[in-house]
Amino acid sequence: ARWFPRSPAKAVVALKTPIKVELVAGKTYRWCVCGRSKKQPFCDGSHFFQRTGLSPLKFKAQETRTVALCTCKATKKPPYCDGTHRSEQVQKAEVGSPL
């Protein structure tokens, strides 16, 4: 049995709208890349237990402010929402399925 697949699984759409969160300056966050976390938009370790081969994106907030974090996992500016969730491709996708 392999712990990690040879190639990473595709991220799945967690939600079709971003989540607004207040980030605290200097704090490090782990944004869910795989879309499987039950604590969206942050990682809960689901990527590891489901053996996706994906890892969360660690980032440090530069300032305290409210931001929109992506939950469709298709943003070009991770972890921040860039509006990709409005695309036909995301809107037609099933939540929990890859794009």
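Amide H contacts under 5 Å for residue 33: 57, restricted to partners 5 or more places along the chain or on a different chain, H placed in the peptide plane at 1.01 Å from N.
Sequentially through region 35-45, phi angles give Karplus couplings (6.51, -1.76, 1.60; θ = phi - 60°) of x, 9, 5, 8, 10, 3, x, 9, 6, 10, x Hz, Gly and Pro residues having no value and appearing as x.
Taking a sphere under 14 Å around the Cβ of residue 65 and counting the other residues whose Cβ falls inside, with K and R at +1 and D and E at -1, yields a net charge of +1. Using the rule -39500 (n - 2.57) for each DSSP H run of four or more residues, divided by the residues of the chain, the 222 nm mean residue ellipticity is -1500 deg cm²/dmol.
When the accessible area of the chain is computed with all protein chains present and a 1.4 Å probe, what percentage of it is carbon and sulfur? Percent of accessible area from carbon and sulfur atoms in the chain: 52. Comparing 99, 52, 89 along the charge dipole axis of the chain, the residue lying farthest to the positive side is 52, per the Cβ-charge model. When the inverse distances between all different Cα atoms of the chain are averaged and flipped, the Kirkwood radius reads 13.8 angstrom. Counting charges near residue 26 (Lys, Arg +1; Asp, Glu -1) among other residues having Cβ under 14 Å from its Cβ returns a value of +2. Normalised per residue, the accessible area of the chain is 64 Å², obtained with a 1.4 Å probe and no contribution from ligands, DNA or RNA.
Counted by Cβ distance under 13 Å from residue 45, the other residues give a net charge of +4, where Lys and Arg count +1 and Asp and Glu count -1.
Taking all protein chains together and a 1.4 Å probe, the residues 88, 63 rank 88, 63 from largest to smallest accessible area.
The values are calculated or read from the model by the stated rules, or taken from the named source; none is laboratory data. Note that the coordinates shown come from a computational prediction; the quantities given were computed from them, not determined experimentally. All Cβ positions, glycine included, derive from the backbone under ideal geometry; neighbour counts span all protein chains shown. The area values use the complete protein model at the heavy-atom level, side chains included, leaving out ligands, DNA and RNA. Shrake-Rupley method; radii C 1.70, N 1.55, O 1.52, S 1.80 Å.
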